[in-house]
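Visitor: Quick one: structure below, then a few questions.
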Amino acid sequence: MDWGSIFTNAAVSLIGVQTVIYALAGIGLNVQFGYAGLLNFGQAAFAAIGAYGIATMVAIAGLPLWLGVVVGVVGAGLFALVLGVPTLRLRADYLAIATIAAAEIVRLLLRSSSLREYTGGSGGVNGFSGDFYALNPFSPGTYGFGPWRFSERTTWVLLVAWVLIAVCCLVVWLLMRSPWGRVLKGIREDEDAVRSLGKNVYAYKMQALVIGGVIGALAGFVSALASGSVQADLYGTPFTFFIYTVLLLGGAARVLGPVVGAMIFWAVLSLTDNVLAQMIQGGYMPTWLMTDTQAGQVRFMLVGLALMLLMIFRPQGIFGDRRELAIDAR
Amino acid sequence: MPADQPAGATATSAATSAGAHAAHAAAGDAPRRAAAAAALRDVPRVPGAPKPDPILVADGVVRRFGGLTAVDVAHVEVQRGAITALIGPNGAGKTTFFNLLTGFDKPDEGDWTFDGQPLGGVAAHKVARRGMVRTFQLTKALSRLTVLENMRLGAVGQRGESLVKALFAPLWRDQETANTERAHELLSRFKLDAKAADFAGSLSGGQRKLLEMARALMTGPKMVMLDEPMAGVNPALTQSLLGHVKDLREEGMTVLFVEHDMDMVRDISDWVIVMAQGRVVAEGTPDDVMADPAVIDAYLGGHHDAPLDAEDEERQLAEVDAEVEQEFAADDAAHARTGTAGDTAAPHRAPGTTTDTEGSAR
């Protein structure tokens with residue numbers, strides 16, 4: 001078995017394109033779920049709105065990239081408002097139902113054949129990332145050191161994405177140490193208590209939903225620009241659930257929780273994938289047990305198992321505070 | 001008039017009478033208590049009585065849940081600077097009325113003013129900002145926030161609570177320091193200063209009640225609404241909580257509280273409003289109210305669960321005997337009925353009757 005390539009691949013996954021997308025989406029979800037306790041099960045839709053904002057504005061409307069970014073951000077904010085207005089006054093579970101349904105509606109609309117003219121149907125849109133790569137300061141070649149060596153395009157994407165992650169983490173940190181963040185955490189614990197202290201709970205929940213959604217749209221931008229194409233089915237419910245996995249893995253309500261969670265999630269996924277593949281190729285794995293094609297599914301099973309073990313032995317996530325879990329929240 | 005006291009009041013515990021005694025001794029340095037008593041002296045003891053200086057006036061407040069009218073308060077006034085108790089049997093609508101007044105529920109009809117301004121239909125958080133702050137029957141400590149953070153959250157008008165200003169710490173740091181100082185003062189008053197850095201979820205039930213009250217005071221209220229402040233609190237802490245409630249009055253705040261413990265009501269309240277089946281059925285000073293037949297009726301109604309006096313106790317014992325007897329004679333309905341009839345007429349024969357019935361049944 002080629003352990004060198006196994007670990008190289010895992011190391012690349014630690015900071016790779018998938019990781020940054022999930023880290024960004026996770027930071028957004030952390031604001032909503034981790035701090036404000038909002039059960040947003042539609043984070044995939046916010047990313048989709050960001051991705052399609054760029055794709056349709058640039059490739060179909062022929063507008064400049066920055067306008068696509070504006071459309072994506074404003075679109076995600078409006079989507080949050082539309083979701084929030086009817087549901088944020090109600091109990092927490094209504095938001096969960098509304099968001100998961102709305103996310104599916106968004107995905108189905110984006111892939112519907114009747115809107116093919118605007119969104120490219122199920123095939124999606126491509127040919128919109130030219131402007132972005134035109135800004136690439138790296139000349140063609142390979143950049144990096146050790147196991148981390150990337151093409152100039154990937155280097156550019158990762159640079160932009162990690163800068164975005166750093167900025168988002170900074171903003172989240174600044175907000176959560178402030179009285180504003182305190183109100184949000186109070187709402188997570190008991191919104192009636194916070195209301196009785198004179199805080200407009202509804203407005204705070206709405207702000208959290210919008211901020212988290214806009215950060216989700218940033219994840220969509222990175223996702224779209226990195227691959228140079230968008231497809232609605234990428235933004236289905238599994239995307240949202242993986243974001244939750246990433247968040248819980250790293251530790252909810254911790255600034256760096258989703259970032260570390262995404263790094264671990266994708267590194268472990270890459271590790272199991274490569275180890276299984278190499279075992280099958282090297283003949284260490286009997287074929288009656290597992291074939292090459294089955295390995296792709298088995299790795300998710302193993303990740304699921306790892307998550308269960310994590311929840312049993314370290315339920316607070318990597319960064320969580322065990323003392324918090326000792327408290328019965330209600 | 002001890003003989004006329006309703007059920008709860010007869011079970012006077014040693015601890016509470018000691019507390020009442022202390023309160024009497026301290027009457028000299030409790031000028032607001034005397035002032036409140038003087039102001040309420042000439043108020044008629046009738047439901048909806050007008051007060052000399054009401055801070056809260058409610059008119060025709062009705063709340064229905066389907067076919068059930070939970071609250072139907074024609075008129076009620078709460079005197080400023082006094083401690084008013086809201087009592088009544090379970091299901092009388094006390095908490096629902098609280099929820100309505102504080103904006104946590106919306107009435108079907110009715111209006112009320114607070115400090116001269118209309119407050120009907122105002123959202124809960126705005127009610128709190130106007131100076132009417134409440135606590136909850138089921139204590140709402142924000143578990144995964146520290147005690148100090150719970151307190152800081154209570155401060156009103158915080159610049160750092162606006163999204164944009166929150167990002168720039170210099171804009172709110174001074175205010176935060178001042179709030180923290182005030183929080184520490186209140187915490188030490190409530191003997192929670194040693195717990196400041198602990199998660200609120202790690203506090204005991206009684207400490208949570210204290211924290212909730214202290215946190216409410218962080219808002220700088222004019223009127224404090226306490227929903228069963230003593231529920232589930234041990235007797236030692238009860239005394240300290242009572243003291244804190246009295247302190248509120250001495251600081252010029254108005255207190256309206258819901259409570260079941262009659263000793264406590266008698267000890268601290270200047271005025272008592274009694275609710276039953278959604279209506280205000282009586283008002284008066286604690287002693288007046290507890291002597292009021294309407295109140296005894298409201299509490300005991302058709303269900304005399306606890307004896308009022310020796311005679312009543314005997315009668316109730318006889319009733320219990322009759323029930324036991326009925327069970328024994330279940331296979332002979334006619335005999336059981338005779339037994340019950342005889343029992344009301346001559347209670348002491350009831351046990352004997354039971355044996356008779358048993359014998360004849362066999």
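Visitor: Mind putting a number on the dipole of region B:206-264 about its Cα centre? Charges go on the C-beta only, +1 for Lys and Arg and -1 for Asp and Glu, and I need it in Debye to the nearest 20. Don't jump to the answer; show the numbers that get you there.
Guide: Details: 6 positive and 9 negative charges, 46 e Å.
Using only the charged Cβ atoms, the result is roughly 220 debye.
Visitor: When you look at the Cβ of every residue in A:29-35, what mean number of other chain Cβ atoms sits within 10 Å?
Guide: Numbers: counts 0, 0, 0, 0, 0, 0, 0.
Per residue, the number of nearby Cβ atoms from other chains is 0 on average.
Visitor: In addition: Sort A:5, A:178, A:13 so the one with the fewest other Cβ atoms within 10 Å of its own Cβ comes first.
Guide: In order of increasing Cβ crowding within 10 Å: A:5, A:13, A:178.
Visitor: Farthest toward the dipole's positive end in the protein assembly as shown, which of A:13, A:196, A:241, given Cβ charges of +1 (Lys, Arg) and -1 (Asp, Glu) about the Cα centre?
Guide: Towards the positive end, the residue furthest out is A:13.
Visitor: Springs between alpha-carbon pairs under 10 angstrom, Gaussian network model over chain A: which of A:148, A:288, A:162 fluctuates most?
Guide: Result: A:288 has the largest fluctuation of those listed.
Visitor: Could I ask something else about it? Cross-link list B:51/B:222; B:165/B:195; A:185/B:94: which exceed 24 angstrom alpha carbon to alpha carbon?
Guide: B:165/B:195; A:185/B:94
Visitor: Let me ask another. Mind listing the long-range amide H neighbours of residue B:275? Cut-off is under 5 Å, sequence gap 5 or more, other chains count too, H placed in the peptide plane at 1.01 Å from N.
Guide: Long-range HN contacts for residue B:275: B:87, B:88, B:281.
Visitor: Under a Cβ-only charge scheme (Lys and Arg +1, Asp and Glu -1), can you give me the dipole magnitude of region A:19-256 about the Cα centre, in debye to the nearest 20? Intermediate results must be reported in sequence, preceding the final value.
Guide: Details: 15 positive and 10 negative charges, 85 e Å.
It works out to roughly 400 debye.
Visitor: Please list 3J(HN,Hα) in residue order for region A:225-232, calculated via the Karplus relation 6.51 cos²θ - 1.76 cosθ + 1.60 where θ = phi - 60°; whole Hz, with x for glycine and proline.
Guide: Going residue by residue, I get 6, 5, 8, x, 8, 10, 9, 4 Hz, with x marking Gly and Pro.
Visitor: I need to check one value: relative contact order of chain A, counting alpha carbon pairs closer than 8 Å and at least 6 residues apart, in percent.
Guide: 33 percent
Visitor: Let me ask something additional. Could you tell me which of A:157, A:297, A:228 has its Cα farthest along the dipole of chain A towards the positive end, charges placed at Cβ (Lys, Arg +1; Asp, Glu -1), taken about the Cα centre?
Guide: Result: A:157, furthest along the dipole toward the positive end.
Visitor: Give me the inter-chain shielding for B:162-172: mean count of other chain Cβ atoms within 10 Å, whole number please.
Guide: 4
Visitor: With 10 angstrom as the radius, rank B:126, B:222 by how many other C-beta atoms surround their C-beta, starting from the fewest.
Guide: B:126, B:222
Visitor: A follow-up question, please. Place a label point 7 angstrom from the Cα of residue A:307 along the Cα-to-Cβ direction, then list the residues of region A:63-105 whose backbone nitrogen is under 17 Å away.
Guide: A:100, by backbone N distance to the label point.
Visitor: Could I ask something else about it? So if the hydrodynamic radius of chain A is defined as the Kirkwood radius over C-alpha pairs, what does Stokes-Einstein give as its diffusion coefficient at 10 °C and 1.306 mPa s, in µm² per second?
Guide: Rounded to a whole number, D works out at 76 µm²/s.
Visitor: A further question follows. If you place +1 on the Cβ of every Lys and Arg and -1 on the Cβ of every Asp and Glu, how big does the dipole about the Cα centre of region A:106-192 come out, in debye to the nearest 20?
Guide: Dipole of region A:106-192, to the nearest 20 debye: 200 debye.
Visitor: Next question, about the same structure. Looking only at the protein assembly as shown, where both bridge partners belong to it, what percent of the DSSP beta bridges are antiparallel (to the nearest 5)?
Guide: 65 percent
Visitor: Continuing with this model, one more query. For region B:53-143, which semi-axes, largest first and in whole Å, follow from the square roots of 5 times the eigenvalues of its Cα gyration tensor?
Guide: 19, 18, 14
Visitor: Something else: With the dipole of the protein assembly as shown worked out from charges on the C-beta (+1 for Lys and Arg, -1 for Asp and Glu) around the Cα centre, which of A:183, B:241, A:132 lies farthest toward the positive end?
Guide: Checked the options; the winner is A:132.
Visitor: Taking the Cα atoms of the protein assembly as shown, what is the range of coordinates along each of the three principal axes, in descending order and whole Å?
Guide: 105, 73, 52
Visitor: Let's test the formula: R0 of 35 Å, r as the Cβ-Cβ distance of residue A:60 and residue A:139. What FRET efficiency results, to the nearest 0.05?
Guide: 0.70
Visitor: Residues with beta-carbon under 12 Å from that of residue A:88, excluding residue A:88: net charge, scoring Lys, Arg +1 and Asp, Glu -1?
Guide: My count for the surroundings of residue A:88 gives +2.
Visitor: Additional query: Of B:199, B:65, A:313, A:221, how do they rank once you tally other Cβ atoms within 10 Å and put the fewest first? Before the final figure, lay out the partial values.
Guide: Details: B:199 21, B:65 11, A:313 7, A:221 26.
Listed from fewest to most nearby Cβ atoms, that is A:313, B:65, B:199, A:221.
Visitor: If we sort A:293-305, A:204-216 on the protection proxy, mean other Cβ atoms within 10 Å, highest first, what's the order?
Guide: Numbers: A:293-305: 13.7, A:204-216: 25.8.
In decreasing order of mean packing, A:293-305, A:204-216 become A:204-216, A:293-305.
Visitor: Oh, and also: How many Cβ atoms of partner chains, on average, are near each residue of A:173-179 if near means within 10 Å of its Cβ?
Guide: Rounded to a whole number, the mean comes out at 6.
Each value in this text was obtained by applying a stated rule to the coordinates, not by laboratory testing. Since we're looking at a predicted model, the values are computed, not measured. Methodologically, a virtual Cβ is constructed for each residue, glycine included, from the backbone with ideal geometry; neighbour enumeration extends over all protein chains shown.
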